[in-house]
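Report on one structure; see the data block that follows.
Computed from the coordinates by the stated procedures, all read-outs in this text should not be read as laboratory data. Since we're looking at a predicted model, the values are computed, not measured. A quick note on method: Cβ atoms are made from the backbone with ideal geometry, for glycine too, and the neighbour counts reach across all protein chains shown.
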Amino acid sequence: MSAAKTSWFTRSTLAFGFAFLYLPMLILVIYSFNENRLVTVWSGFSLKWYGELFRDKQMIAAAKISLEIAFLTACASVVLGTMAAMVMTRFRQFPGKSLFSALMTAPLVMPEVITGLSILLLFVAMGDTFGLFQERGVMTIWIAHVTFCVAFVTVVISSRLGELDKSLEEAAMDLGANRVKVFFLITLPIIAPALASGWLLAFTLSLDDLVISSFVSGPSSTTLPMKVFSSVRMGVSPKINALATLLIAIVSVAAFIGWWLMAREEKQRQRDMQLALQQGG
Amino acid sequence: MIARLRRYLPDGKWAVIAPPYFWMLLFFAVPFAIALKISFANIQIAMPPYTSLTEWVGDTLTVKVNVANYLFLLRDSLYFNAYLSSLKIAVIATFFCLLVGYPIAYAISRLPTASRNTALMLVVLPSWTSFLIRIYAWIGILKNNGLLNNFLIWLGVIDEPLQILHTPIAVYIGIVYAYLPFMILPLYTNLVKHDNRLLEAAYDLGCRPWQAFLKVTLPLSKAGIIAGSMLVMIPVVGEFVIPELMGGADTLMIGRVLWQEFFNNRDWPVASAVAIVMLILLIVPIMIFHHYQSKELEGRLT
């Protein structure tokens, strides 16, 4: 009796929850095919806003800069994040460990206006004293993005490292492999899916950032969110709907492929387990 | 002797510790020190637009610490009101996030194991698209000739469009929508670990479902509630985009004030002072978050 009640509650809660999360995006997608300039008045199906979007040279240039920064940010964040995650989960004691872990968690919640302003002041001070970062642009945005993305990547990878069965690493060590070898031959292949999701997370975080980029960008480095922000400030435009639809499509396809690969791997694992059990019995 | 020397020489593990440590110290910790320094400087029309704190005249080094920026923040009620209203908006929005997010996290944790990950992915998926675009979606829905108003007029519930966009209500909707996944994830991680037998025991002892929830589930999920609330509340205090795009001209939030001081007034010293005071206000919540976050990591370690 109580089981049926729970399931009814579960279902209706999830239905409302997902409707709240997805309805606004669905509306956005539908109206991107609207012929009318007024975003909320439907007057017929059209693809003209997609054409306008691709003819907008500034928007395309901004998208290119954003993709470049996001790619470089994701690569650097995964390298630093993997190191930080190994430190957090494998090294018990070293001088300055509590400061280290504070530096890795504070960026998760630090308001972006504080991070953005402070790192800009650092760049300006370094320019003043050492002549570094005189020109602000892709380089400074990349550094600022890596700084906040490392923290997120570290969380993703260290939660995987925490679940990992340490006996595998210990066994390899007993067989005479040194720590570096164990990491590259044993640990790295096992945590590879976590590295992939960390990379994707850093990529999307960087691609999405408006506030920090605005502080540290230069005159020739307008990113896509900065362009979208200034155009949304002017008012709603169907071109933004078209851009949103493209983004949503890309993310959904990527997520579906990821989900399908994971499901396949899970099925394979269960089949292997069953096979092993049968042979064992 | 060699053994003693080796203790002071860096061993192999520092090759792993040093790169992320050095990066975060230089680009995350040092900038706060520089912001603190500049908050004690004067504005000047030059590049960089602030005066130096130190000055060499002959053989004497003078260090001028100018607290005028902080006194200015104290005297002008705009800043005090902005801090207060940011904290108020953050606390109320976090509460609504919890109200919406808790049932969803709870429902996901009750699903059969196979569908949990899919449901969780569906929660996170919207935040992988753009934050700005999700806010933009709500602008289209809430504005005066937007979908919600058109729909309500069509239904005959109202005759004139309701003013929702550019009011505090729109800001709350935007924050709850944008930050919901950050509330749901830590709550789910906590709720899914609960032992079902505890609830069954409560039922056997005569608890009604809501009593069992209040007496068993809710107290057990305290860590998840705190982690989720901090993950929403702390960044919302400094939120800029949502009040700027969805709030009215009078929606006062400190992130917006800082942005204006920096980009419109070009007053870097006052902007730095605003950031430093915000940081001081947030230091206790950040420490609480850090405490729960590291406990979570250590819990996984054992």
How big is chain B by the Kirkwood estimate over distinct Cα pairs, in Å?
-> 23.4
Which entries in A:LYS57/A:LYS239; A:LYS97/B:LYS193; B:LYS222/B:LYS295; A:LYS181/A:LYS267; A:LYS97/B:LYS295 show an alpha-carbon gap greater than 19 Å?
-> A:LYS97/B:LYS193; A:LYS181/A:LYS267
Taking only C-alpha pairs under 8 Å that are 6+ residues apart, what is the relative contact order of segment B:69-301 in percent?
-> 27
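Taking the number of other C-beta atoms within 10 Å as the exposure measure, put A:TRP49, A:TRP199, A:TRP260 in order starting with the fewest. Don't skip to the answer; put the middle values down first.
On the way: A:TRP49 23, A:TRP199 20, A:TRP260 10.
The most exposed by this proxy come first: A:TRP260, A:TRP199, A:TRP49.
Give, rounded to the nearest 20 debye, the magnitude of the charge dipole that chain A has about its Cα centre when Lys and Arg contribute +1 at Cβ and Asp and Glu contribute -1 at Cβ. Could you put the intermediate results ahead of the total?
Working: 22 positive and 17 negative charges, 84 e Å.
The calculation lands at about 400 debye.
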Work out the charge dipole of chain A with +1 on the Cβ of Lys and Arg and -1 on the Cβ of Asp and Glu about the Cα centre, then indicate which of A:TRP42, A:LEU67, A:VAL228 is farthest towards its positive end.
-> A:TRP42
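So which helices of chain B fit the span-like rule, where a helix is a whole DSSP H run, its Cα atoms reach 20 Å or more along the axis, and its mean Kyte-Doolittle is at least -0.5? Mind dumping the intermediate values first?
On the way: long enough: B:77-110 (49 Å, 1.24); B:113-128 (23 Å, 0.74); B:168-191 (32 Å, 1.47); B:222-237 (22 Å, 1.89); B:268-301 (44 Å, 1.11).
Helices meeting the span and hydropathy rule in chain B are B:77-110, B:113-128, B:168-191, B:222-237, B:268-301.
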With the dipole of segment B:69-301 defined by +1 on each Lys or Arg Cβ and -1 on each Asp or Glu Cβ, the option from B:LEU252, B:ILE164, B:ILE133 whose Cα lies farthest towards the positive pole is B:ILE133
According to the square roots a ≥ b ≥ c of the eigenvalues of the Cα gyration tensor, what is the shape class of chain A, taking rounded for a/c under 1.5, prolate for a/b larger than b/c otherwise, and oblate for the remainder?
-> oblate
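Would you tally the net charge around A:LEU14, using a Cβ to Cβ cut-off of less than 14 Å, leaving A:LEU14 out, and scoring K and R as +1, D and E as -1?
Working: positive: A:ARG11, B:ARG110, B:ARG116; negative: none.
Within the 14 Å Cβ shell, the charges total +3.
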Run the numbers on chain A and let me know its relative contact order in percent, using alpha-carbon pairs under 8 Å that are six or more apart.
-> 30
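Which FRET efficiency value, to the nearest 0.05, is calculated for B:LEU214 and B:ASN117 with the Förster distance at 22 angstrom and r the Cβ-Cβ distance?
Details: r = 29 Å, r/R0 = 1.31.
Taking R0 as 22 Å, the efficiency between B:LEU214 and B:ASN117 is 0.15.
Considering only the other residues whose Cβ falls under 14 Å of the Cβ of B:PRO103, what net charge follows from Lys and Arg at +1 and Asp and Glu at -1? Can you show the working numbers first?
On the way: positive: A:ARG11, B:ARG110; negative: none.
Here the count lands on +2.
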What is the fewest-to-most order of A:PHE123, A:PHE130, B:PHE96 by other Cβ atoms lying within 10 Å of their Cβ?
-> A:PHE130, B:PHE96, A:PHE123
Options A:VAL113, B:ILE38, B:TYR21, ranked by Cα towards positive dipole end of the protein assembly as shown, top entry (Cβ charges) = B:TYR21
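Can you tell me the length gained on complete extension of the stretch A:LEU185 to A:ALA255, counting 0.36 nm per residue apart and subtracting the Cα distance? Please report the intermediate quantities before stating the final value.
Working: separation 70, 0.36 × 70 = 25.20 nm, distance 2.83 nm.
This chain segment gains 22.4 nm when fully extended.
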Return the whole-Å distance between the Cα centroid of segment B:192-257 and the Cα centroid of segment B:66-110.
-> 15
Cα-based convex hull, segment B:200-291, per residue volume (Å³, whole number) | 128
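Given axes a ≥ b ≥ c from the Cα gyration tensor, I'd like to know whether segment A:136-281 is rounded (a/c under 1.5), prolate (a/b larger than b/c) or oblate. Before the final figure, lay out each step's value.
Details: a/c = 4.66, a/b = 1.82, b/c = 2.57.
Here segment A:136-281 falls in the oblate category.
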Kindly put A:VAL228, B:VAL274 in sequence by how many other C-beta atoms sit within 10 Å of each C-beta, fewest to most.
-> A:VAL228, B:VAL274
Assign unit charges at the C-beta atoms only (+1 for Lys and Arg, -1 for Asp and Glu), then state the dipole size of the protein assembly as shown relative to its Cα centre in Debye, rounded to the nearest 20.
-> 1000
Spacing of the two label points (7 Å from each Cα toward its C-beta) at A:LEU38 and A:LYS64, in nm | 3.8
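Given the -39500 (n - 2.57) contribution per DSSP H run of 4+ residues, what per-residue ellipticity at 222 nm results for chain B, rounded to the nearest 500 deg cm²/dmol?
Details: 15 runs with 206 residues, N = 302.
Per the formula, -22000 deg cm²/dmol.
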Charge dipole magnitude, Cβ of K and R +1, D and E -1 - segment B:143-270, Cα centre, debye nearest 20 = 440
Segment A:232-247-segment A:162-224 distance, computed between alpha-carbon centres (Å) = 33
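Work out the FRET efficiency for B:ASP195 and B:PHE22 from their Cβ-Cβ distance, taking R0 = 41 Å, and round it to the nearest 0.05.
Values: r = 43 Å, r/R0 = 1.06.
So the FRET efficiency works out to roughly 0.40.
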Around B:TYR50, which amide H atoms from residues at least 5 apart in sequence, or from another chain, sit under 5 Å from its own amide H, with H modelled in the peptide plane?
-> B:GLN44
Would you give the gap between the C-alpha center of segment A:249-281 and the C-alpha center of segment B:268-286, rounded to a whole Å?
-> 47
